[in-house]
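Enquirer: One structure coming up, written as structure tokens, with questions to follow.
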Amino acid sequence: EAGVTQFPSHSVIEKGQTVTLRCDPISGHDNLYWYRRVMGKEIKFLLHFVKESKQDESGMPNNRFLAERTGGTYSTLKVQPAELEDSGVYFCASSQEAGPSYEQYFGPGTRLTVT
Amino acid sequence: KQEVTQIPAALSVPEGENLVLNCSFTDSAIYNLQWFRQDPGKGLTSLLLIQSSQREQTSGRLNASLDKSSGRSTLYIAASQPGDSATYLCAVRTGANNLFFGTGTRLTVIP
């Protein structure tokens, strides 16, 4: 069974440009999460989808970030316009159900570099 | 607000040594605690998950303990090997669905 996949693995863009990250969860997992780790900091939660609905987006840093999950399958995270402080590693995770009894499975991450 | 701290930030040990990684958290109202391993350029691999009602979990050479009341967890690695070199992260699950992570301990096992 394929795990969580993310694309691209690495993206280098200039400040002010737009970047879209993609996450494909494990098949059948309704719950999808985005996290990110910026330089020197811990991994932090961004948001949680249940199918196509945003269950919790309390971690989204500002309105330059837009997450979507049309159809409840893969998800995209768009950063527009990108700023230098957005550089970091963006992780996606999925779980079969929500709640603490269900483990979240993480993808390899997308390393974003904004110059 | 939950804060998770891991000490030390980096650790180098010779092969064969037993070692302990530490994790502390400020809010003891957790559902579970999880230890992950991250290799360079790779995702997070779950090593052990301890529910709040449990005291420890074991998997092979790894043993994780949890003292919820004091807000502490340890990950014990027995007979370390060069292949254990990686960054180890601990994360706690609170009432929400998100995880709160520590900054990790970068472990190097020297052959």
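The values are calculated or read from the model by the stated rules, or taken from the named source; none is laboratory data. Everything numeric in this text was worked out from a predicted model, so none of it was measured. Cβ sites come from the backbone with ideal geometry, for glycine too, and all protein chains shown count toward neighbours.
Enquirer: Those residues that are within 27 Å of A:C92 (Cβ to Cβ) and without any contact (Cβ under 8 Å) to a residue 12 or more places away in the chain, I need them from the stretch B:45-82; list them, please.
Expert: Across the stretch B:45-82, the qualifying residues are B:T45, B:Q57.
Enquirer: Mind checking which residues of the stretch A:90-110 are touching a Pro at 6+ places or on another chain (Cβ under 9 Å) and within 20 Å of A:V38 (Cβ to Cβ)?
Expert: Initial filter on the stretch A:90-110 (touching a Pro at 6+ places or on another chain (Cβ under 9 Å)): A:91-95, A:105, A:107, A:110.
Residues satisfying the conditions are A:F91, A:C92, A:A93, A:G107, A:T110.
Enquirer: Same structure again: Which one of B:T103, B:T87 is within 14 Å of chain A (Cβ to nearest Cβ), in contact (Cβ under 8 Å) with a residue 24 or more places away in the chain and assigned to a loop (DSSP other than H, G, I, E, B)?
Expert: None of the others qualify; the one that does is B:T103.
Enquirer: Take A:E42 and decide whether it is surrounded by fewer than 21 Cβ atoms within 10 Å (Cβ to Cβ), under 13 Å from the mean Cα position of the chain (by Cα), within 12 Å of chain B (Cβ to nearest Cβ) and at pLDDT below 95. Write out each step before concluding.
Expert: Details: surrounded by fewer than 21 Cβ atoms within 10 Å (Cβ to Cβ): yes; under 13 Å from the mean Cα position of the chain (by Cα): no; within 12 Å of chain B (Cβ to nearest Cβ): yes; at pLDDT below 95: yes.
The answer is no for A:E42.
Enquirer: Further question on the same structure: Please go through the stretch B:10-31 and pick out each residue that is surrounded by 21 or more Cβ atoms within 10 Å (Cβ to Cβ) and within 14 Å of chain A (Cβ to nearest Cβ).
Expert: To start, the set of residues in the stretch B:10-31 that are surrounded by 21 or more Cβ atoms within 10 Å (Cβ to Cβ) comprises B:21, B:23, B:25, B:30.
Listed by number, the residues that qualify are B:C23, B:F25, B:I30.
Enquirer: From the list A:S94, A:S9, pick out the single residue that is under 20 Å from A:Y105 (Cα atoms) and away from chain B (no Cβ under 11 Å). Steps first, answer last, please.
Expert: Working: A:S9 fails: away from chain B (no Cβ under 11 Å).
Of A:S94, A:S9, the one residue that is under 20 Å from A:Y105 (Cα atoms) and away from chain B (no Cβ under 11 Å) is A:S94.
Enquirer: Among the strands (runs of 3 or more DSSP E) lying completely within the stretch B:3-84, list those that include at least 1 residues that are of a type in the set (K, R) and more than 20 Å from B:T108 (Cα to Cα). Full working, then the answer.
Expert: Working: elements: B:4-7, B:10-14, B:19-25, B:32-38, B:44-51, B:56-59, B:62-67, B:72-77.
The strands (runs of 3 or more DSSP E) meeting that bar are B:72-77.
Enquirer: From the set of residues in the stretch B:75-102 that are within 24 Å of A:F45 (Cβ to Cβ) and among the polar types (S, T, N, Q), which is farthest from the chain's Cα centre (by Cα)? Steps first, please.
Expert: Kept after step one, since they are within 24 Å of A:F45 (Cβ to Cβ), are these residues of the stretch B:75-102: B:75, B:86-102.
Adding the requirement that they be among the polar types (S, T, N, Q) leaves B:87, B:94, B:97-98.
Numbers: B:T87: 9, B:T94: 16, B:N97: 19, B:N98: 17 Å.
Of everything passing the filter in the stretch B:75-102, B:N97 is farthest from the chain's Cα centre (by Cα).
Enquirer: Now a separate question. Please tell me if B:Y31 is among the aromatic types (F, W, Y) and more than 23 Å from A:S94 (Cα to Cα).
Expert: On the way: among the aromatic types (F, W, Y): yes; more than 23 Å from A:S94 (Cα to Cα): no.
No; evaluated as a whole, the condition is false for this residue.
Enquirer: Do we have B:Q6 as of a type outside the set (D, E), touching a residue at least 40 places away in the same chain (Cβ under 8 Å) and either crowded, with 18+ Cβ neighbours inside 10 Å or within 17 Å of B:R93 (Cβ to Cβ) (or both) here? It would help to see each step written out before you state the result.
Expert: Working: of a type outside the set (D, E): yes; touching a residue at least 40 places away in the same chain (Cβ under 8 Å): yes; either crowded, with 18+ Cβ neighbours inside 10 Å or within 17 Å of B:R93 (Cβ to Cβ) (or both): yes.
Judged against the criteria, B:Q6 is a match.
Enquirer: Run A:E1 past the list (1) modelled with pLDDT under 95; (2) within 13 Å of another protein chain (Cβ to nearest Cβ) and report the number of the one that doesn't hold.
Expert: All conditions pass for A:E1, except number (2).
Enquirer: Hey, another quick one. For A:A82, all conditions in the list (1) of a type outside the set (D, E, K, R); (2) more than 14 Å from every other protein chain (Cβ to nearest Cβ); (3) surrounded by fewer than 19 Cβ atoms within 10 Å (Cβ to Cβ); (4) farther than 30 Å from B:Q51 by Cβ hold save one; what is the number of the exception?
Expert: (3)
Enquirer: Which pairs do you get when a residue that is more than 21 Å from A:E97 (Cα to Cα), found in the stretch A:15-35, comes within reach of a residue that is modelled with pLDDT of 95 or more and basic (K, R), reach meaning Cβ atoms under 9 angstrom, with the pair 6+ apart or on two chains?
Expert: Close Cβ pairs (under 9 Å, with a partner that is modelled with pLDDT of 95 or more and basic (K, R)) amount to A:T18/A:K78; A:V19/A:K78; A:T20/A:K78; A:L21/A:K78.
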